[in-house]
Each structure stands twice: as C-alpha cells, then as structure tokens.
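Enquirer: A single structure is presented below for examination.
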Amino acid sequence: MANRLVIEKATRTQGGTSEETLEFGKGVNVIVGAPNTGKTAWLRMINFVLSSDDKAEDAMGNALATKYDSVALVVRMDDAKYLVERKWKEAGARTKVYVDEQVMSSDEFCQFVMGKLKIPILHYPQGDPFGRRTWPELSWRSLFRHLYRRQRLWGDFADQQPESEQLACILQFVGLAQHLYSEEYESLVLKQKSIIELTARKDQFIDMLREVSKDLLDESTPTLEMTPESLSTAVQQVENDMAEASTRRSKVLQTLAIDASARLEIEPVIYEKASAELAQVKSHLAEHLRRLHDIEVRLAEIRQYQETLRNELARLKRAQSAGSLLSELRVTHCPACDQEIHRRDYDSSTCYVCGQETQRTIGVEGEKRLSFEVEQLSGELKEADQLIAALTADRGMTEVERLRAQESSKRLEDMLRPIQIAAAQIFPAEVSFLDMHVGQLQERARQLSRIQAALIKREKINEQIVAIQAEIGFLESLVATHARNLNFGQASDALEDGMNNYLAAIKGANPRSWTLDSPVRFHLRERGFGVTVGNEDWKSKLGGTLTLYFVIAYQYALMQLRTRSASNFPGLLLLDFPAQLEDGTSIADKENFVLEPFLKLCNETLNGEAQVIAMGSAFKDLPVSKRIELTRVWE
C-alpha cells in the first residue's frame with residue numbers, strides 16, 4: 001500500500017513578513033465562509049505547491065500571484081515531515097520547488113513525492129499500445145488531478161484529462177498499473193513495434209528493388225518474386241549471352257583478318273605475329289614511361305635533400321669560422337675600472353686578467369662536436385651526389401630503351417596499317433552491333449550484381465527480426481507472470497462497491513438526493529474502462545445534481561481503496577464544492593450529508609489515517625476534525 005499524504009499546515013506570505021496560516025488535522029477538515037472569503041484561493045495555492053508546473057500567474061491567477069510572495073506547506077508522508085515551498089518572486093525561483101530548503105525542479109519534486117509515497121513510477125500507452133506515440137510517464141501531477149476537485153469542474157473523474165490517462169491513474173490507484181504497464185510489457189510492445197516496422201521496411205525495400213530490376217530480369221524465365229535464385233539465373237543468362245556475342249565477334253574479326261591478308265597477299269600467321277609483337281612492344285613502352293616518371297620523382301626528392309644538406313653544411317662551417325675568430329678575442333680594458341690591461345706572462349691554462357685557471361675543455365669539446373657534424377654532413381652530401389649520378393645514368397639507359405620501343409612500335413604499326421586499311425574497307429556492321437550488344441550486357445551484369453548485393457540487406461533485416469523474436473519470447477513469459485496479478489474484476493468491484501456504498505449512504509440520509517435505484521457498474525479493462533448506471537453510460541444518464549453525487553461517490557471509492565493492501569492511493573482529497581448546481585439549486589443545503597460518509601470512513605474504518613479538506617458555505621454542526629472559518633471578504 002502507498003504511504004499516506006497529510007497536509008498539516010499551509011502558510012502564505014505577503015510582503016516578505018506578513019503571514020497567514022491554516023492548520024489541518026487527520027480525517028475530515030472543512031474550510032467555510034461566505035462567498036469571496038478566499039476558500040478556493042487556499043486550495044489553488046495548495047495545488048500550486050504540490051503539483052503544478054505552471055507559473056504562479058497561470059496556476060493561481062494574477063491577483064494571488066501579485067498579492068503574495070510565497071506559499072509553504074508542512075506535509076507528512078508516512079512518518080516523515082517535510083517543508084515544501086514555492087517562492088515565485090525570488091530571482092531564479094519561479095519554477096522551482098523547495099523541500100526543506102533543497103531546490104528541485106517541478107519534475108524532480110514529482111519523482112520525490114512518488115518515491116516517498118511508494119507509488120511506482122511507470123509509463124503508460126496513450127491509446128493503442130502499438131501506436132506511434134511514445135509511452136509518457138504517469139506523473140504525480142496526473143494522479144493529483146484525481147485528488148484535487150476544482151470548484152467548477154465536477155463533470156468527470158478528472159478535469160480535462162484524456163481517457164487513456166484517466167485509465168492509467170485509476171489502475172495506479174487500484175494497484176494494477178505496475179503489473180499491466182511493467183517495464184517488460186513496455187519493452188515487449190517496443191519489440192513488437194520494431195518487428196512491424198522492420199517487416200514494413202523490408203517489404204518496401206523489396207518492392208523498390210523489384211521495380212528497379214523488373215526490366216533486368218530475363219522475360220523468358222518469369223518469376224513471381226525477386227529472389228537470390230532468380231537474380232543468379234539472370235546473371236548467368238547475361239554471362240552466357242556475353243560469351244556468345246564475344247565468340248561471334250572473334251569469328252567475324254578472324255574472317256575479316258584472313259580476307260584482308262588475302263587482298264594484300266600476306267599470310268594470316270604473319271599478321272597475327274605482328275599484332276602480338278605490337279601489343280608486347282606497347283606494353284614495354286608503357287613500362288619504360290612509367291619507370292622514367294618514377295626516376296624523375298626520385299631525382300627531385302634527392303635533389304631537394306641535397307640542397308638541404310648543402311645549406312646545413314654551410315651553416316656549420318660558418319659556425320666553425322665564427323668560433324675560431326671569437327676565440328682569439330682578448331679583453332683590452334678592465335671591466336671594473338675601464339683601464340687598459342697589460343697582458344702578463346701567464347701560461348695558457350690560466351686567465352691573463354684574473355689569474356685563475358681556465359676551463360679550456362669546454363671550448364675544445366664544442367669544436368670537436370662541430371667538426372664531427374661537418375664530417376657527417378659532408379659524407380651524406382657525397383652519398384646524395386652518388387645517388388643522383390646513379391639515377392641520372394639509369395634515366396639515360398631507360399630513355400634509350402624507350403626510344404627503341406617507340407621505333408619498334410612505329411615500324412610494326414607501319415607494317416600493319418595496309419592490312420588495317422583493307423580490313424576497314426570490308427569491316428562489317430555486325431562487329432559494331434556486337435560491340436554495342438556486349439557493352440549493354442556488361443552494364444546489365446553490373447546492375448544485377450549491385451541488386452544482388454542490395455538483396456543481402458533483406459537477409460540482414462530477417463536476422464534482426466529473428467533476434468527480436470527471440471527477445472519477445474522471453475519478455476512474453478515475464479509479462480505472463482505479471483498478468484497473473486491482473487484481476488480486473490476484483491479491482492472493478494472495489495471501485496463499484498465504494499461508489500454504491502456512498503450513494504446508498506447519502507440516499508439513506510436524504511432520500512431525495514440519489515433518486516435512481518439502478519446500481520453503478522465499473523468495468524476496468526486493459527485498454528479502457530466504462531462506468532454505467534442502469535446499463536447506460538453515466539455521462540448520458542445523469543443530470544447536473546446527480547453528476548455531482550456521482551463524482552463525489554468516485555472520490556469516496558478512491559478513499560475506500562485505502563482498505564486494500566494493494567492500493568496506491570495516498571489517502572488525501574481536496575474537495576472544492578461548487579456554490580451552485582446546474583439546476584440552479586444551492587449546494588449549501590446538501591453539504592452536510594455529502595460529507596457524512598467521509599466522516600464515517602475516515603474516523604471508523606481508516607482510523608484517522610486519511611485526510612479530506614473540503615470547501616463549503618457552512619457545514620453546520622458537522623463533527624469534523626478541524627473547522628476553519630474565513631470571515632474577511634476579498635475586495
């Protein structure tokens with residue numbers, strides 16, 4: 001069972017210091033007063049703190065939002081007490097909720113309340129579970145609309161709430177939602193939707209391929225469906241047609257060569273030998289050109305490297321020369337007094353200025369290092385020169401071979417030209433037709449190969465479907481386990497009994513209140529719910545006053561759910577009764593007897609472990625837990 005939610009105190013501040021406070025107790029509390037004494041304003045402010053994500057102006061109205069600065073509630077959730085505040089005039093706090101001074105967004109606060117009340121957080125389908133719409137979270141705001149009955153909205157179970165959301169809230173209260181809308185069921189629906197989408201995508205993909213390939217498949221072998229086998233047959237047919245066309249072309253060309261050779265009195269063997277030799281020579285010529293290109297590229301690289309070495313070597317030699325010159329410089333004047341220094345007779349290991357021992361080894365090592373680098377660069381430069389010489393020689397030899405191949409090619413072309421001219425004169429149109437036909441067949445074969453590759457995607461989609469189906473089997477077993485806890489009949493009976501109990505109670509107290517003898521029937525189902533009175537839908541059956549009693553009966557049935565261990569109803573109702581009914585009668589005459597069943601339920605059955613806060617005109621002589629009377633009329 002869900003933990004209970006009790007409001008112990010409500011405080012609103014004006015001007016930062018002035019406070020107005022209402023204190024509530026367990027059981028039934030009433031706030032009474034003449035019209036315009038602010039009864040409804042208090043409930044609107046409580047609603048703003050506990051469930052609204054709107055701005056203060058939209059949730060409470062401009063008048064309240066302007067007059068007051070903040071609203072604070074002391075609430076008890078099970079055995080813990082919390083201070084919940086909204087401070088809409090503070091900078092950055094317009095949409096924030098403060099819980100014991102901890103700042104939360106409205107969504108974070110909703111999840112906080114759900115957690116403290118032990119109400120499962122879940123997602124529900126909006127309409128068809130397999131529809132395109134995603135499953136939204138069943139939030140505390142949605143549930144609170146069944147707890148807070150606004151003054152002007154007594155025509156439905158929850159004002160301006162879609163039926164799918166109403167169903168989810170009711171199933172949450174009776175304790176079935178966590179079993180019906182389990183994570184496994186949501187995953188199962190998503191998997192099944194994925195299979196539907198993948199199947200549709202596969203069919204669409206195949207239809208597109210069929211449309212593209214219908215002119216490519218062989219009409220002589222019609223098929224009802226494009227399959228890998230039909231594509232393979234089409235590819236094989238194209239390959240056979242290409243081979244046949246190539247054979248015919250070779251025979252025509254062979255006959256043509258024989259006829260041309262006969263005209264020029266040249267043996268066909270000589271023509272064939274010359275043609276083969278020409279092809280080989282042209283191949284050698286292409287190889288020589290490629291090699292010449294590679295040599296030129298390599299020479300350019302080596303020459304660039306050679307230039308770099310020369311520059312570096314010149315730089316090091318300049319450094320050597322500078323070192324030699326600088327090492328000979330001597331100090332001529334004293335750095336302290338600027339007088340001329342006369343060189344004394346010291347040995348080379350001591351300084352002639354200060355007389356101390358010098359460290360000549362540092363300079364010597366530097367000179368050795370420079371000499372070593374110069375020697376290394378000189379060697380590399382020499383190797384580069386040698387490599388350039390070798391490449392230059394190779395280029396020369398390759399150029400000679402290229403010229404020879406070019407001369408041989410020209411000689412063979414000159415020899416074959418008369419035969420080609422003679423063949424051109426008798427060249428049949430069939431060869432051109434066969435060339436064009438072979439080209440068409442080659443393009444057709446390439447297209448069929450691409451379609452074959454694309455058809456593999458169908459198999460990948462099939463593999464995805466099989467993998468998802470395996471997951472679905474496992475999820476279905478889990479959903480079936482949850483379904484064993486889904487007793488819609490028992491939950492329907494609980495709501496039905498609660499409503500009929502209430503209507504019977506008020507009819508006993510006032511026979512002119514509920515004038516119908518037909519019982520209420522509540523029908524909860526997996527994808528919807530219906531409520532009838534005398535086998536008719538309640539909305540078409542009931543008028544204004546009877547609708548009021550009917551909706552109060554629903555609120556009573558929710559509160560009676562607190563007697564069920566599986567219930568997720570938090571045991572709080574905020575009822576703002578309308579001042580006048582649709583038929584023009586006043587609610588003041590009916591206030592007491594409509595609340596008496598709640599008094600009995602809260603005090604006797606629930607032992608005070610529930611709370612009702614009702615707004616009305618008087619509630620005279622009603623033994624409620626707390627009676628708050630407002631006297632100051634708002635201007």
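The values are calculated or read from the model by the stated rules, or taken from the named source; none is laboratory data. Since we're looking at a predicted model, the values are computed, not measured. When we count neighbours, we look across all protein chains shown, and the Cβ atoms used for this are built from the backbone with ideal geometry, even at glycine.
Enquirer: If you check Ser625, Ser617, which single one turns out to be surrounded by fewer than 20 Cβ atoms within 10 Å (Cβ to Cβ), at pLDDT 80 or above and among the small types (Gly, Ala, Ser)? Can you show your working first?
Expert: Numbers: Ser617 fails: at pLDDT 80 or above.
Answer to the check: Ser625.
Enquirer: Here's another thing I want to ask about it. Quick check: is even one residue across region 142-153 of a type in the set (Phe, Trp, Tyr) and over 22 Å from Phe488 (Cβ atoms)?
Expert: At the first step, the residues of region 142-153 found to be of a type in the set (Phe, Trp, Tyr) are 144, 148.
Next, only the ones that are over 22 Å from Phe488 (Cβ atoms) stay: 144, 148.
Checking region 142-153: at least one residue is of a type in the set (Phe, Trp, Tyr) and over 22 Å from Phe488 (Cβ atoms).
Enquirer: Ok, one more. Please work out which residue is farthest from the chain's Cα centre (by Cα), limiting yourself to region 202-240 and to residues that are among the acidic types (Asp, Glu) and at pLDDT 65 or above.
Expert: Across region 202-240, the extreme among qualifying residues is Glu239.
Enquirer: Here's a follow-up. Determine if region 96-104 includes at least one residue that is assigned by TED's automatic domain parsing to the domain that holds Glu19, under 36 Å from the mean Cα position of the chain (by Cα), modelled with pLDDT under 90 and of a type in the set (Lys, Arg).
Expert: No: region 96-104 contains no residue that is assigned by TED's automatic domain parsing to the domain that holds Glu19, under 36 Å from the mean Cα position of the chain (by Cα), modelled with pLDDT under 90 and of a type in the set (Lys, Arg).
Enquirer: Phe130 passes all but one of (1) among the hydrophobic types (A, V, I, L, M, F, W, C); (2) modelled with pLDDT of 80 or more; (3) in contact with a Lys or Arg (Cβ under 6 Å, 6 or more places away or on another chain); which number fails?
Expert: (2)
Enquirer: Okay, moving on. Of everything in region 606-623, what is in a strand (DSSP E or B) and within 49 Å of the chain's Cα centre (by Cα)? Give them in sequence order.
Expert: So the first thing to find is which residues in region 606-623 are in a strand (DSSP E or B), and the list is 611-616.
Matches in region 606-623: Gln611, Val612, Ile613, Ala614, Met615.
Enquirer: Let me ask something else. Please work out which residue is nearest to Phe569 (Cα to Cα), limiting yourself to region 64-82 and to residues that are without any contact (Cβ under 8 Å) to a residue 24 or more places away in the chain and loosely packed, with under 15 Cβ neighbours inside 10 Å.
Expert: Looking at the filtered set, the residue picked out is Asp79.
Enquirer: Let me confirm something: among Ala243, Ala314, Ala286, Ala262, which residue is more than 59 Å from the chain's Cα centre (by Cα) and either at pLDDT 75 or above or among the aromatic types (Phe, Trp, Tyr) (or both)?
Expert: Ala314
Enquirer: Just for region 140-156: of the residues that are within 37 Å of the chain's Cα centre (by Cα) and of a type in the set (Lys, Arg), which one is nearest to Val174 (Cα to Cα)?
Expert: For region 140-156, the residue satisfying everything is Arg145.
Enquirer: Right, here's the next one. Consider Ala494 carefully, then state whether it is modelled with pLDDT of 90 or more, closer than 18 Å to Gln178 by Cβ and surrounded by 15 or more Cβ atoms within 10 Å (Cβ to Cβ). Step through it out loud before you land on a result.
Expert: Numbers: modelled with pLDDT of 90 or more: yes; closer than 18 Å to Gln178 by Cβ: yes; surrounded by 15 or more Cβ atoms within 10 Å (Cβ to Cβ): yes.
Considered against the rule, which asks whether it is modelled with pLDDT of 90 or more, closer than 18 Å to Gln178 by Cβ and surrounded by 15 or more Cβ atoms within 10 Å (Cβ to Cβ), Ala494 comes out as yes.
Enquirer: Sort out which residues of region 110-127 are modelled with pLDDT of 90 or more and touching a Lys or Arg at 6+ places or on another chain (Cβ under 9 Å), and write them in order of number.
Expert: Hits for region 110-127 are Cys110, Leu117.
Enquirer: Checking Thr21 against (1) surrounded by 15 or more Cβ atoms within 10 Å (Cβ to Cβ); (2) within 29 Å of Arg152 (Cβ to Cβ); (3) at pLDDT 90 or above, which test does it fail?
Expert: Just one mismatch for Thr21, condition (1).
Enquirer: For region 534-571, name all the residues that are crowded, with 21+ Cβ neighbours inside 10 Å and of a type in the set (A, V, I, L, M).
Expert: Leu548, Val551, Ile552, Ala553, Ala557, Leu558, Met559, Leu561
Enquirer: Looking at region 295-305, can you tell me whether even one residue there is over 60 Å from the mean Cα position of the chain (by Cα) and at pLDDT below 90?
Expert: Within region 295-305, none of the residues are over 60 Å from the mean Cα position of the chain (by Cα) and at pLDDT below 90.
Enquirer: Pairs only if they're at least six apart or on different chains, beta carbon under 6 angstrom, first in region 539-552 and under 16 Å from Leu574 (Cα atoms), second crowded, with 19+ Cβ neighbours inside 10 Å; list them, first residue then second.
Expert: From residues that are under 16 Å from Leu574 (Cα atoms), the pairs are Leu548/Trp154; Tyr549/Trp514; Val551/Trp154; Ile552/Val594.
Enquirer: What pairs come out if I take residues in region 360-379 that are on the phi < 0 side of the Ramachandran plot and modelled with pLDDT of 80 or more and pair them with residues that are in a helix (DSSP H, G or I) and of a type in the set (A, V, I, L, M) whose C-beta lies under 6 Å away, six or more apart or interchain?
Expert: Between residues of region 360-379 that are on the phi < 0 side of the Ramachandran plot and modelled with pLDDT of 80 or more and residues that are in a helix (DSSP H, G or I) and of a type in the set (A, V, I, L, M), the close pairs are Glu373/Leu316; Val374/Leu316; Leu377/Leu309; Leu377/Leu313.
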